[in-house]
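These notes are about the structure you will find just below.
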Amino acid sequence: MDQIVLSLLVDNTTGVLSRIANLFSRRAYNIDSLTVGVTANPKISRMTIVSRGDDLILQQILAQLKKQEDVRDVKVLSPDNSVSRELILVKVTADVRTRRDIMAIADIFRANVIDVQKDSLILELTGSRSKLGALLDVLGDYEILEIARTGITGLSRGSDDVRWF
């Protein structure tokens, strides 16, 4: 199965997120990741949706999204023509013996230590999915208490296809 990363500009109105999610649900398409936020224009929001499927399913997803009344623009974010990032927060058990080692790992990955408690640390890292996965692999030797991920968000490179609404 192939993965597709889509960047949508949508009306910033009540129910848009629900309608887009229902479109996927009705057709039994899965959403691997979904992020939404307002753009420089408060009337428009950007959605970044990651989904999987064969070529036919991915083409159907694109076609159905373009038909939606609230959708103003749809772009496919190809890895070589876009920048995408994900944020992860990881809470790790850290006592006096392990704290320095975990902080050294954070330093190697350029993760920020954003909370220090007597028995735990919270690390924050922004990057590609593979970078976040590598951090989790290295932290596998320690007890991970909680993980929160934002999902992918991204923009196409350059200014040629920027849409103003």
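Observations on the model:
- Only one entry of R110, R97 meets the criterion of being out of contact with any Ser or Thr (no Cβ under 6 Å at 6 or more places or on another chain), on the phi > 0 side of the Ramachandran plot and among the basic types (K, R), and that entry is R110.
- Taken over region 18-56, the criterion of being closer than 17 Å to K67 by Cβ, under 19 Å from the mean Cα position of the chain (by Cα) and surrounded by fewer than 15 Cβ atoms within 10 Å (Cβ to Cβ) is satisfied by S18, A21.
- Taken together, the residues in region 58-104 that are over 23 Å from the mean Cα position of the chain (by Cα) and among the β-branched types (V, I, T) amount to 4.
- Selection from region 86-97 of residues that are surrounded by fewer than 16 Cβ atoms within 10 Å (Cβ to Cβ) and either under 19 Å from R129 (Cβ atoms) or not hydrophobic (A, V, I, L, M, F, W, C) (or both): T93, D95, R97
- Scanning region 107-163 for residues that are assigned to a loop (DSSP other than H, G, I, E, B), of a type in the set (A, V, I, L, M, F, W, C) and without any contact (Cβ under 8 Å) to a residue 24 or more places away in the chain gives a single hit, V162.
- Per-region count, region 1-59, residues touching a strand residue (DSSP E or B) at 6+ places or on another chain (Cβ under 8 Å) and not aliphatic (A, V, I, L, M): 22
- Residue ID - nearest to V5 (Cα to Cα), chosen from residues in region 114-136 that are more than 17 Å from the chain's Cα centre (by Cα) and surrounded by fewer than 16 Cβ atoms within 10 Å (Cβ to Cβ): I114
- If you go through region 14-63 and pick out every residue that is of a type in the set (V, I, T), in a loop (DSSP other than H, G, I, E, B) and without any contact (Cβ under 8 Å) to a residue 24 or more places away in the chain, you end up with 1.
Every number here is computed from the coordinates shown, using simple stated rules; none is lab data. Being a predicted model, the structure only gives us computed values, none of them experimental. So basically every Cβ, Gly included, is an ideal-geometry build from the backbone, and we count neighbours across all protein chains shown.
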